[in-house]
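The values are calculated or read from the model by the stated rules, or taken from the named source; none is laboratory data. Predicted model, so just to flag it, every value in this text is computed and none were measured. Don't worry about glycine lacking a Cβ; one is built from the backbone with ideal geometry, like all the others, and counts go over all protein chains shown.
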Amino acid sequence: MSVAVAARPEKPKQPYPGLRAFEPNEWPIFFGRDRIVDEVIDRLARDRLVFVHGSSGSGKSSLVRAGVLPRLARQQRRQGGVWRACLMRPSGGPLWNLARAFAGVEGRGEDLDRVEAIARCFNLEDATLSSVAATLDGMAGEKLCILVDQFEELFRFAKETSREEAEVFVDLLTREIGEGKESGAAHVVVTMRSEFLGECARFDRFAELINRTQYLVPRIERDGLERAITRPAALYGGAVAPGLAERLIAEARGQSDELPLIQHALMLMWNEATARTPEGETILLDARLLDEAGGLAALLSGHADRVLAEAAPDEARLRAAEQIFRALTDSNAESQAIRRPQTFGELIAVCGGEEREADVRAILDAFRVEGVSFLTPYAPEPIEAKTVIDIGHESVIRCWGKIAAKREGWLEKEFRDGQLWRSLVVQATRFERTNSDLLSQAATGETEQWLSERNVHWVKRYGGQWDLVGRLVQKSIHSRDEALRKTERQRSQQVIDLKEQLVSTEFDLDGAKKQLRIALWAVAIAFIVAFVLGFSLPVDSLNHASFSNDASFSGRLISADEK
């Protein structure tokens, strides 16, 4: 993009930009780094290229945007000359982005034919940045300062998209400065995170150039930081409560996100104080919001939570928001949270396709408006399918609980999902080779459900192989279903056998009942007979006994007579 660097002070809309970097027109509220700005300008005048590097949150971009570029414009204006400036980032295509920035100097940044024509010039054998800049309309006798911001994006582009284009871009830098030319239309300032310095050695002659031109951003001094806190409020008729500056410095000191956290807190405090202060009275910034939140990081996290609640009021939107931020964040080899820029089209695809475009756009817009600035490009810049979406600052990744929480944070969940996908790829590869090692029945159901919430676009960040894993899952589903059908058949047969056993048992039971009834009748009859005999036997015996007695008596009578 082209930048019109204003030499005359024009007060910005508010004193604190918040989380985002300062823009060139905000130089009137940029305090605390005068010495550093002068040192960078001296290097730029001497070498025509300065590699400004430092840790995340050290203020590299703001230093160049609101410090170096406006100071150059003011100095050159006093000398009767004009400095032009343009800004670009490598993400998405370094040569195209550089060509678009050059076209913006002419006021034709949206003219795609002009951008393409300039991009072709970069591929000429003897092309340099100065030679191409000299062909731009209105550049005769003028100088151009090119800011290549967030240069580390080039290494990801080289790895994932085009190594060849990245080499052409680096060659333009080394050819421009490395041939010992003392003059030229182009001067270049590059900003980059220090941990990527080693990556520069992967390009020919680039490490040697870095060694000659690098500038490590010093830590802002305490008095400079105090001025950055208090002076902007004073310009707007406000004031910082006694002790607040010291508290902010003490709480942020030593953190990698020191400057962005303080600036974001000051922006929120200013907005809150402005809303509650009657017109005409002094706007006083106090620690009320900081106390309620519980610290600088918690203040940022709470702000992000409020934005999310408004942007995603239902489960579908909340799921889309999670997918977006999981796509935009990553972890490096040292397990540090880093950004992972994605195009708008890629985010739509990951979230489910064109039917989700409205949801994705609404969420992005909520997180990139002025006063939030958690995502880039900042509003009101329009976004299209090829627009690169990125986290505004890595402090969002490190401080927002939704992303950074150790167990249930989106970054941790994404890491676990990535590991699971890689393990599925390994198992699927083994299955393709041996036709064995299917998923277990329990794992099949869980994996099927897990995959239903993802798509082929999501797995690209982990090497792809969607079809390979799909064949493993489908075969596992078929095997599971066949096993279930076999089990069902076995159960059905068991039911049939059980019914037959019941029928047989019922038949045996009927026979037993009949035999029991016969036995009971027999017992009953025998009992009756015995009962009858029990009454008849004593009578007969009595009669027989009487007869016997009578005979004996008669005998005795006869015997007596005989005598």
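Check the stretch 169-184 and report whether any residue there is surrounded by fewer than 14 Cβ atoms within 10 Å (Cβ to Cβ), without any contact (Cβ under 8 Å) to a residue 24 or more places away in the chain and polar (S, T, N, Q).
Checked the stretch 169-184: at least one residue is surrounded by fewer than 14 Cβ atoms within 10 Å (Cβ to Cβ), without any contact (Cβ under 8 Å) to a residue 24 or more places away in the chain and polar (S, T, N, Q).
Here's the yes/no breakdown for (1) in contact with a Cys (Cβ under 8 Å, 6 or more places away or on another chain); (2) within 15 Å of Ser395 (Cβ to Cβ); (3) of a type in the set (A, V, I, L, M, F, W, C):
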position	(1), (2), (3)
Ala273	no, no, yes
Ala287	no, no, yes
Leu300	yes, yes, yes
Asn332	no, no, no
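Would you list the helices (runs of 4 or more DSSP H) that sit entirely within the stretch 401-500 and hold 1 or more residues that are without any contact (Cβ under 8 Å) to a residue 12 or more places away in the chain and out of contact with any helix residue (DSSP H, G or I) (no Cβ under 7 Å at 6 or more places or on another chain)? Quick ask: steps written out before the conclusion?
Numbers: elements: 401-404, 410-434, 441-452, 456-459.
In the stretch 401-500, the matching helices (runs of 4 or more DSSP H) lie at 410-434, 441-452.
Looking at Ile220, Ile210, which is the one that is within 24 Å of Ala127 (Cβ to Cβ), surrounded by 15 or more Cβ atoms within 10 Å (Cβ to Cβ) and β-branched (Val, Ile, Thr)? Break it down into steps so the answer makes sense when it comes.
Values: Ile220 fails: within 24 Å of Ala127 (Cβ to Cβ).
Exactly one of Ile220, Ile210 is within 24 Å of Ala127 (Cβ to Cβ), surrounded by 15 or more Cβ atoms within 10 Å (Cβ to Cβ) and β-branched (Val, Ile, Thr), namely Ile210.
Yes/no matrix, rows are residues, columns are (1) among the aliphatic types (A, V, I, L, M); (2) not assigned by TED's automatic domain parsing to the domain that holds Ala349:
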site: Ile262; (1), (2): yes, yes
site: Leu268; (1), (2): yes, yes
site: Asn271; (1), (2): no, yes
site: Arg276; (1), (2): no, yes
site: Gly280; (1), (2): no, yes
site: Leu308; (1), (2): yes, no
site: Glu322; (1), (2): no, no
site: Phe325; (1), (2): no, no
site: Glu334; (1), (2): no, no
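Out of all the residues in the stretch 448-474, which are of a type in the set (Ser, Thr, Tyr) and farther than 22 Å from Phe344 by Cα? Please lay out each step first, then the result.
Step one: of the stretch 448-474, the residues of a type in the set (Ser, Thr, Tyr) are 452, 462.
Ser452, the sole residue that qualifies.
Given the stretch 284-352, what helices (runs of 4 or more DSSP H) lie entirely inside it while holding 2 or more residues that are within 18 Å of the chain's Cα centre (by Cα)? Working first, answer last.
Working: elements: 288-293, 296-311, 315-327, 344-350.
Once the helices (runs of 4 or more DSSP H) in the stretch 284-352 are filtered for at least 2 residues that are within 18 Å of the chain's Cα centre (by Cα), what remains is 296-311, 315-327, 344-350.
State which residue is surrounded by the most Cβ atoms within 10 Å (Cβ to Cβ) when the search covers only the stretch 84-116 and only residues that are of a type in the set (Lys, Arg) and over 15 Å from Thr387 (Cα atoms).
Applying the filter and picking the extreme gives Arg84.
Counting just the residues of the stretch 245-271 that are acidic (Asp, Glu) and free of Cβ contacts under 8 Å to residues at least 60 places away in the same chain, which one comes out nearest to Ala297 (Cα to Cα)?
Here is the first cut: in the stretch 245-271, the residues acidic (Asp, Glu) are 246, 251, 257-258.
Retained after the next criterion (residues that are free of Cβ contacts under 8 Å to residues at least 60 places away in the same chain): 246, 251.
Working: Glu246: 17, Glu251: 10 Å.
Restricting to residues being acidic (Asp, Glu) and free of Cβ contacts under 8 Å to residues at least 60 places away in the same chain, the top hit is Glu251.
Assess whether Thr444 counts as being farther than 30 Å from Arg339 by Cβ, outside the structural domain of Ser331 (by TED's automatic domain parsing) and out of contact with any Lys or Arg (no Cβ under 8 Å at 6 or more places or on another chain).
Working: farther than 30 Å from Arg339 by Cβ: yes; outside the structural domain of Ser331 (by TED's automatic domain parsing): yes; out of contact with any Lys or Arg (no Cβ under 8 Å at 6 or more places or on another chain): no.
No; evaluated as a whole, the condition is false for this residue.
I need the full set of residues from the stretch 458-503 which are of a type in the set (Lys, Arg) and touching a Ser or Thr at 6+ places or on another chain (Cβ under 8 Å), in order please.
In the first step, residues of the stretch 458-503 are kept if they are of a type in the set (Lys, Arg); the result is 460-461, 471, 475, 480, 485-486, 489, 491, 499.
Residue satisfying the conditions is Arg480 alone.
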